[in-house]
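Following: one structure in structure tokens, then a few remarks.
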Amino acid sequence: MGRRSSTRFALVAAIAAVAACIVSPVGSTASFSIVPGGSAVVVTVSPAGSTSNATFTGVAGHRISLNISNVTITSTKVSVLKPDGTTLLTPFTVLKSGYWMDVKSLPVSGTYKILVDPKLDYTGKMTLRLYDVPADVGGSLSPGTPVSVATTVPGQNGVLTFSGVAGHRVAVNLTDSTYNSAKLRIHNPDTTLLFPTAMQFGHAGNFLEPRLLPDTGTYTLQIDPQLSAVGGVTVTIYDVPNDASTLVTLCSSLPCSPGPTTATTTVAGQNAGLTFSGTAGQRVSVVAGNSLYSSTVKVSLLKPDLTSLTSPPIVVGGLDGFIEPQTLPANGTYTVLVDPQFSDVGSIDVQVYLVPNDVTGTISSGTPVTVTTTMPGQNAVYTFTGSSTQRVSVNLSNVTYGSAKVSILKPDLTNLTSPLFVPNTFGNFVEPVKLPANGTYRVVVDPTGASTGSTDVGLWFVPGDVTGSVTANVVKHVSIATPGQNSVLTYAGTSGQRITVEVYNVTLGTTECCSAKLKITKPDGSTLQTSHEFGTLGDYVDVKTLTANGTYKIWIDPVDESVGDLDLLLRIVPADASAASGALTSGGTSVNVTTTAPGQGAKVNFTASAGQRFAFKLVTFGGGFCDVKLALYDPNGTKLTGPTCSPNDTFFDTRSLPIAGTYKITVDPQGNAVGTASLTLYAVPADVVTTLSGSAVSLTPGQNAYLSFSATSGQTATVTPNAGGTVSLARAALYKSDRTTQLAGGAEYWDPSGGNPVASLIPTTSPTYYLKYDPIGGASGTSVTFSLAFS
């Protein structure tokens, strides 16, 4: 029996020991010290199950605030304990984002403790910054007098008082704010809030719209920076008089008599109301403009019960604002409310129009009608009967409106087309659109803003596009009779074929450049020739190589309402022509190459060695400025010059060829030009380098002369030509010893009769200077003679 009692005692003791392990806190408590208004303190909690605290000495009546940052603990309970160990602040949860504890007053002097207790087994650290918060910044406000408030310690507020009278209205303007975030509250004389939700503001400040004061007495305005923000703000309070009110006369015909009524506000927060008597069923529109406010103004139309007839309000700034026609729902007094924004004061002109019913009528395909509206806000609605098998287009011309929008409505009055903007005088065109159902459709002309005027409206039922096939080298005549109608022509092409397309005899539209668009698509629908515009001068699509067998499409899309005829010719382009030059000589080697079909190009081949100097000339091809373009390529296909528009006698000046091999000159006739290109190719000897002795020099085409002389720095060297020689025209200028840097003084052009002297100031002492004599355009022969003088 005693043995069993002993065993039972041992078991109870073991269970008690286990329970003690479960209930007792794990780890230790670390203590830190922190000073209100002092440096930040990093509090560490480790190992798991531990807590930490930071103690500070507090003085009764002082105020503290606390910022917690740089937190690495996932979740922590933090509380503040009084000297007697009771709670000053109920425990709050701190996450890694940190926490801000707003200002708290200390009830007694003594040692306070900030307790940091991580949840679960979290460990880590956080930075505590404790502030000794001075009294709130105070002051008083008088209407219209700005007062600046500055807080210097996180948790400190600004508190300003003002005397208020029951029934008066006050507005508050906050400017020059340096706070990232703060709140404005106003307390009534009985400490209740004048408005329940605090107004937020930041660097941009804010404006409190007028509030009605319920009592006479002292009101308190509080500036409450958020989190640890410090900074300043300028506060201005206004005693806002009743909103300005005046009568406005409805305008029933143009010009209005009397004209606009001016609404003026003189105190920040004051609005203006312009009233008029309205009758149920009337339609009115409103124009507000000539604003002298510094910022935008909101304008709305209020019903007799002062609820809004228009929502949202229109915003009026530098441009006039317009309220579209509104149907008045009842008899009574209506108000145009002018609401300046923020603390703005100024004036604005308001005109209210009595809008007659919209202009209505019917419109028939092919018979344009002239639409005229006489009052701002009046629209025009023209109906037509359509069926689901039809396409319609609409053209607007002879427009006198400042601008307008035009749309087509379906029988259910939803948009068939998005509204199309129609600028003044330019007009516009609604491309063909397919009608979805049988019924009555509407063309709506909606002048923009307060615009009035007229426009011609044309409507067409658009037949199917003009179609047909194109045969190579056979002219295809196309006639487009209805605005909006296009043409789609097909061509059975073969891979590798080269084609050109020419459009001529064009009567589509009236402009030389821009009456229609042309594009070509491949059998798979991708683009062979991108869309581009042409006009009555016609069009030419340069050679295109077909990439596949199949049906190609040529699309002709007249611009806007253009109609008329054109001829189209598709040609098969033979392979480019080729010719080879004989051996190059300094006197020139002639070579001809001929193209026989529009789009056909040509090339002239010649052989040259590395470093050989080469020039060439187009003797003849056509008579125009750009009948042909020429380019030069090296044996690797690298372009050395061009393509260049080349009229007859174009000379391509000397260049040193980089490598040995066969070079080519490409000949690219422009548009539908064909013919024989006659060229002369030159092997150009080295430039003549000799002393400027007064004697003439002989040059071959492309060859220059460098004539040397000595001079002293500070001298002016002058070279004067004498009549004589056979070079038709040459450029003359003075160069430094490198023969590439021209001296100041410009250049002159000399012919066999002589010309103006070339003069330059010698800038530095150098052994040698040069006169460069450069024949123009391949001219050759004997130069003039020269004389040299110094001054």
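The values are calculated or read from the model by the stated rules, or taken from the named source; none is laboratory data. For clarity, every value in this text was computed on a predicted model and none was experimentally measured. Note that each Cβ is placed from the backbone with ideal geometry, even for glycine, and that neighbours are counted across all protein chains shown. Protein only, heavy atoms only, side chains kept; ligands, DNA and RNA dropped before computing areas. Shrake-Rupley method; radii C 1.70, N 1.55, O 1.52, S 1.80 Å.
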Odd one out for Ser407 among (1) open to solvent by less than 30 Å² (accessible area, probe 1.4 Å); (2) without any contact (Cβ under 8 Å) to a residue 24 or more places away in the chain: (2)
Tally time: how many residues in region 90-111 are open to solvent by 40 Å² or more (accessible area, probe 1.4 Å) and among the small types (Gly, Ala, Ser)? 3
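Given the residues Val108, Val42, which is the only one that is in a strand (DSSP E or B) and not small (Gly, Ala, Ser)? Write out each step before concluding.
On the way: Val108 fails: in a strand (DSSP E or B).
Just one listed residue meets the conditions, Val42.
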The listed residue being open to solvent by 10 Å² or more (accessible area, probe 1.4 Å), farther than 30 Å from Lys544 by Cβ and under 36 Å from the mean Cα position of the chain (by Cα), out of Ala437, Ala450: Ala450
Looking only at region 168-188, filter to residues that are part of a loop (DSSP other than H, G, I, E, B) and open to solvent by 50 Å² or more (accessible area, probe 1.4 Å); which one of those is modelled with the lowest pLDDT? Asn180
Would you pick out the residues in region 593-619 that are open to solvent by 60 Å² or more (accessible area, probe 1.4 Å), farther than 25 Å from Pro658 by Cα and outside any loop (DSSP other than H, G, I, E, B)? Thr594
Among the listed residues Val475, Val392, which satisfies the condition of being under 23 Å from Ile556 (Cα atoms), surrounded by 17 or more Cβ atoms within 10 Å (Cβ to Cβ), out of contact with any helix residue (DSSP H, G or I) (no Cβ under 6 Å at 6 or more places or on another chain) and among the β-branched types (Val, Ile, Thr)? Val392
Which condition number in (1) open to solvent by less than 20 Å² (accessible area, probe 1.4 Å); (2) modelled with pLDDT of 95 or more; (3) over 26 Å from Val284 (Cα atoms) is the one that Val443 fails? (3)
Just checking, which of Lys522, Lys553, Lys544 is under 18 Å from Lys476 (Cα atoms) and open to solvent by 30 Å² or more (accessible area, probe 1.4 Å)? Lys553
The correct count of residues that are over 25 Å from Leu160 (Cα atoms) and under 42 Å from the mean Cα position of the chain (by Cα) in region 223-252 is 5
Can you pull out the strands (runs of 3 or more DSSP E) entirely within region 673-720 that have at least 2 residues that are closer than 28 Å to Ser646 by Cβ and open to solvent by less than 20 Å² (accessible area, probe 1.4 Å)? 675-683
Can you say whether Ser291 is polar (S, T, N, Q), under 42 Å from the mean Cα position of the chain (by Cα) and not in a loop (DSSP other than H, G, I, E, B), as far as the supplied structure shows? no
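How many residues are small (Gly, Ala, Ser), in contact (Cβ under 8 Å) with a residue 60 or more places away in the chain and assigned to a loop (DSSP other than H, G, I, E, B) when one looks only at region 320-352?
Here is the first cut: in region 320-352, the residues small (Gly, Ala, Ser) are 321, 330, 332, 343, 346-347.
Filter once more, keeping what is in contact (Cβ under 8 Å) with a residue 60 or more places away in the chain: 343, 346-347.
Pick out the ones that are also assigned to a loop (DSSP other than H, G, I, E, B) and you get 343.
Residues flagged as small (Gly, Ala, Ser), in contact (Cβ under 8 Å) with a residue 60 or more places away in the chain and assigned to a loop (DSSP other than H, G, I, E, B) within region 320-352 amount to 1.
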Quick one: would you say Gly587 is more than 18 Å from Leu630 (Cβ to Cβ), assigned to a loop (DSSP other than H, G, I, E, B) and open to solvent by 50 Å² or more (accessible area, probe 1.4 Å)? yes
For Ser387, state whether it is surrounded by fewer than 21 Cβ atoms within 10 Å (Cβ to Cβ), of a type in the set (Ser, Thr, Tyr), within 18 Å of Thr440 (Cβ to Cβ) and at pLDDT 95 or above. yes
Would you mention how many residues in region 296-319 are touching a residue at least 40 places away in the same chain (Cβ under 8 Å) and either under 18 Å from Phe276 (Cα atoms) or open to solvent by 20 Å² or more (accessible area, probe 1.4 Å) (or both)? 3
Would you be able to say whether some residue in region 192-199 is among the polar types (S, T, N, Q) and open to solvent by less than 50 Å² (accessible area, probe 1.4 Å)? no
Only one of (1) in contact with a Lys or Arg (Cβ under 6 Å, 6 or more places away or on another chain); (2) among the acidic types (Asp, Glu); (3) surrounded by fewer than 16 Cβ atoms within 10 Å (Cβ to Cβ) fails for Asp668. Which number is that? (3)
Across region 410-422, what is the total count of residues that are modelled with pLDDT under 95 and open to solvent by 50 Å² or more (accessible area, probe 1.4 Å)? 3
